[in-house]
Structure formats: C-alpha cells, structure tokens
Amino acid sequence: MSDATDKLVIAGREFTSRLMVGTGKYASFQQMVEAIEISGAEIITVAVRRINISDRNKESLLDFIDTGKYTLLPNTAGCYTADDAIRTCRLAREAGLSDFVKLEVLGDEKTLFPDNEELLKAAKVLVKEGFTVLPYTSDDPIVCKKLEDIGCAAVMPLGAPIGSGLGIRNPYNIRIIMETVKVPVIVDAGVGTASDAAIAMELGCDGVLMNTGIAGARDPIAMAEAMKLAVIAGRLACKAGRIPKKLYATASSPLEGVIE
C-alpha cells in the first residue's frame, strides 16, 4: 500500500494521490464519474472552453463533479496565444472555478506541442496576478527552469505528444529536469497504459496527469484502476531503489558458506 505520509505538495497544498486525470473524451458523464472515482485522483482537470459556465440552467460537466471532494484544475486547452490563455484563466477564476490552473499554450494543431515562448509570457502574467500555475511544457530542462524562476508551482513536461499513447519517449530529459528544478515535476501527455505511468514514477517524477490513456481505453473504468495502481507501484519502486543493471548474471543464492 502507498505511504499515507508521502504527500504530493503543490504550492503548500497536500494531496495523497499522485495521479491527476482529465474529464474529456468519455462516452458519457456517468462513465467519467466512475472512472474518476476508481482512479483515486484528487485533482481533476477541466477544459474551460469546453464547459458551460455561462448558463447554469443547461447541463454542464460541473453538474457531475463533486467540487467538495475534488480539486478542480481548469486548463487552457485550445489556446494558441498567451493573451488567449490569460483570458481563459481569468474567466475560470471569475466563474468561481479556481485560481489553480493548468496552463497550455499550443504551437500548432497537428502536433499540439507547446509554444514555449508564449507559455513563458502567459505564465509571467498569471503568476503576478496570483494564480497557482502548472504549465504544460516540452521536456526541455531550460524552459522548465525558466518556468520555475517565474514562480510556477510545478512543471508538467510532456512524455509524448498529447493523446499519442507513446509513453515516455525521452526519460533522460525528464531526469535532467528533475535535477534542474525544485518544484514538483508531473509528466503530462503521452501515457498510453499502466506501464507508462509506472515508468514515469520510477524515474522519480512527483506525479502523472492523463486523460486519453483512460478515457480512450476499451474499458476506461478498468484502466483508471490500473493507472492508480501503476502510479502507486512506481512511486514505491522509486523510493525502494532498484538494483543496478549488469551485463552478466549474479547468483540469487550466495555461494559463500555452501557445504561441499
């Protein structure tokens, strides 16, 4: 079992679960609710542009989320400029969602890679305005350090392109990022199955955020549980410390003291 004292701390807030999940792409709101519940996640991302926050008489994603149980993390999915992302975050705060935001500023529609220049511009403004900013970024240690220096509460480098399911494509950059920054490092994007989440945690990451890996699975409910267990297992393995890799075999049973 996971150690209850091993908390994820972001901007002074403590969380027991190191798995964060999104709310998009599910077959129904009911399926989404069941997947989130079994995942054990405490932080739930919601795309501000895709929820109805203007007319509360109409059905909204927010009608299905217990905001007393989960911490909402509004995100700026679909924004391609710093100005657009800043406006979206301000809208989320004015609507009473949260000032705890996942900042995305995308570079193009084909790759959905982040535009790091615009990301840094947006992060600087939002931090000054009192937002707790968790930026989605490329796996670039230099950019991650700049985001930390601006005052971001965490950095969220991609493991692979959004929705690709390719897993952690560059574990070496992720390791360098963890050596470069002191804020939490949360892998965001690219996780396709439980082993990907476990690898991210075994590397020493502080958490994993995913949406498509769960919602796009053949059985999202089962996958949500698998991801929960993978994050726990990966964290425990990281803390336990793996054996070193060797070219040749080492006997499991010591030969010393064997009576001939």
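The values are calculated or read from the model by the stated rules, or taken from the named source; none is laboratory data. Fair warning: this is a prediction, and the values are worked out from it, not measured in the lab. Cβ atoms come from the backbone with ideal geometry, glycine included; neighbour counts cover every protein chain shown. Surface accessibility is based on the protein's heavy atoms, side chains included, excluding ligands, DNA and RNA. Shrake-Rupley method; radii C 1.70, N 1.55, O 1.52, S 1.80 Å.
What the table shows:
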| item | result |
| --- | --- |
| Filter result for GLU179 (surrounded by fewer than 19 Cβ atoms within 10 Å (Cβ to Cβ) and in contact (Cβ under 8 Å) with a residue 60 or more places away in the chain) | no |
| Of all residues making up region 136-149, the number that are in a helix (DSSP H, G or I) and closer than 20 Å to LEU73 by Cβ | 3 |
| Selection from region 104-118 of residues that are open to solvent by 50 Å² or more (accessible area, probe 1.4 Å) and in a helix (DSSP H, G or I) | GLU117 |
| Candidates ALA226, ALA230, ALA153, ALA197 - the one that is open to solvent by less than 50 Å² (accessible area, probe 1.4 Å) and in a loop (DSSP other than H, G, I, E, B) | ALA153 |
| LEU209 vs. criteria outside any loop (DSSP other than H, G, I, E, B) and touching a residue at least 12 places away in the same chain (Cβ under 8 Å) | yes |
| Residue in region 119-135 that is closer than 21 Å to GLY234 by Cβ and in a loop (DSSP other than H, G, I, E, B) present | no |
| Output for region 158-167, where each listed residue is within 20 Å of GLY78 (Cβ to Cβ) and open to solvent by less than 30 Å² (accessible area, probe 1.4 Å) | LEU158, ALA160 |
| Any strands (runs of 3 or more DSSP E) falling wholly within region 1-51 and containing at least 3 residues that are over 16 Å from CYS205 (Cα atoms) and under 14 Å from the mean Cα position of the chain (by Cα) | 43-47 |
